[in-house]
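First the structure, in the form of structure tokens, and then the observations on it.
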Amino acid sequence: GGFLKFAETLTEKVRKMGGVVLFNTEISEIKSNGRVEVKTNRQTHTFDKVIVTLPSFFFFKIAPSLPESYKNKYSNLKGLGAINLVLRLRKQFLGDGSYWLSICDTSSPIMAIVDHSNFMDVKNYSNEHLVYLGNYLPADHKYFKMDKSEILKIYDPFLRRLNKDYAKELIDYEAFKVPFAQPIIPINYSKMIPPFVTPLPNVYLANIQQVYPWDRGTNYAVELGAKIADLISNDQI
Ligand SMILES: Cc1cc2nc3c(=O)[nH]c(=O)nc-3n(C[C@H](O)[C@H](O)[C@H](O)COP(=O)(O)OP(=O)(O)OC[C@H]3O[C@@H](n4cnc5c(N)ncnc54)[C@H](O)[C@@H]3O)c2cc1C
């Protein structure tokens, strides 16, 4: 069922256990004097303990009372954002049956072309052929300011080299952008990983930058969540 099914099941389980899941609710500020105050675009909540799961850079933005020394220590952790286009086609894109094509040609504006219908039956996608055009870029890259049609215009000559008629089969397409998608792991990263405990009392951090030595992935996010929940509920941190 994919990640959507996973997220829906998790939400259902949390609600059944008495938890509340809020969507479309942006946290603008976190502060703590022992009781943790979380301000959102709707209201302010108070909690005994809070686990922040944002990349550290975004945590710094919403927690202005964090000491400069803490922010300086972890502000050098680098990462890449991601911009992905998903094309909905009437026909297969990679005609040789390839599922995943990684592109190592530096002149290409696309890093990976993934033709899902070469892996999963199209009946899973309303008989459409879904093609994922993956790209990891610095968050200040010009593509982040472009809309989907501007991005496709840049990709188009490269796509035509692989399938000259793809545009005739295009039903529609979407662009997905995320400013922090992939931590960059330098030498001695193990000494730079931000800890669970933060300088704000009862505010803990469990984020993508703590996944090491593995590459980030949903499995590791789940593992991290279980680990910090255990430590907090057993009063071990
Ligand atoms: C393009 C791409 C492809 C990937 N493919 C795979 C894959 O195939 N398999 C796999 O296992 N992993 C994959 N991953 C990695 C996986 O998505 C991450 O490892 C995982 O989502 C990390 O979970 P998380 O809960 O730590 O962070 P996230 O899933 O990033 O969750 C953080 C959440 O915080 C929200 N947020 C941000 N700021 C605020 C705010 N101020 N207020 C409220 N909410 C806020 C965000 O909207 C987001 O929903 C992929 C990642 C990317 C970017």
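The values are calculated or read from the model by the stated rules, or taken from the named source; none is laboratory data. In this text the structure is predicted, and so the values were computed from the model without any measurement. A quick note on method: Cβ atoms are made from the backbone with ideal geometry, for glycine too, and the neighbour counts reach across all protein chains shown. Quick note on the areas: whole protein, heavy atoms, side chains included, nothing else; ligands and nucleic acids left out. Shrake-Rupley method; radii C 1.70, N 1.55, O 1.52, S 1.80 Å.
Compute the FRET efficiency between residue 226 and residue 102 as 1/(1 + (r/R0)^6), taking r as their Cβ-Cβ distance and R0 = 35 Å, and round to the nearest 0.05. The partial results should precede the final answer.
Values: r = 32 Å, r/R0 = 0.91.
E(calc), rounded to 0.05, equals 0.65.
For the chain, with all protein chains present and a 1.4 Å probe, just round the carbon and sulfur fraction of the accessible area to a whole percent.
After summing per-atom areas, the C and S share lands at 55 percent.
Might you tell me the accessible area per residue for the chain, computed with a 1.4 Å probe and given in Å²?
About 63 Å² of surface per residue is accessible.
Kindly state, to the nearest 0.05, the FRET efficiency for residue 7 paired with residue 35, given R0 = 30 Å and r defined as their beta-carbon distance.
So the FRET efficiency works out to roughly 0.50.
In square angstrom, rounded to the nearest 10, how much accessible surface does residue 53 have for a 1.4 Å probe?
Counting only protein heavy atoms, the figure is 100 Å².
When only DSSP loop residues count, what chymotrypsin sites (Phe, Trp or Tyr not before Pro) in the range 201-237 have their Cβ near at most 10 other Cβ atoms within 10 Å?
Those that pass, being in a loop and sparsely packed, are 214.
Can you give the FRET efficiency to the nearest 0.05 for residue 187 and residue 161, using r as the Cβ-Cβ distance and R₀ = 41 Å?
So, using R0 = 41 Å, E works out to roughly 0.65.
List, in order, the whole-Hz ³J(HN,Hα) value for each residue of the range 176-191 obtained from phi through the Karplus relation with A = 6.51, B = -1.76, C = 1.60 and θ = phi - 60°; use x for Gly and Pro.
Using θ = phi - 60°, the values come out as 10, 10, 9, x, 10, 10, 8, x, 9, 9, x, 4, 6, 4, 4, 8 Hz.
Sort 24-36, 75-87 by the packing proxy (mean of other Cβ within 10 Å over each peptide's residues), most packed first.
Most protected by this proxy first, the peptides run 75-87, 24-36.
Show the residues, 5+ positions off or on another chain, whose built amide H is closer than 5 Å to the amide H of residue 78.
Correct list: 184.
Check cross-link reach from residue 5 to the lysines: straight Cα distance under 30 Å, and skip same-chain residues fewer than eight apart.
13, 16, 39, 49, 91, 123, 148, 177, 227
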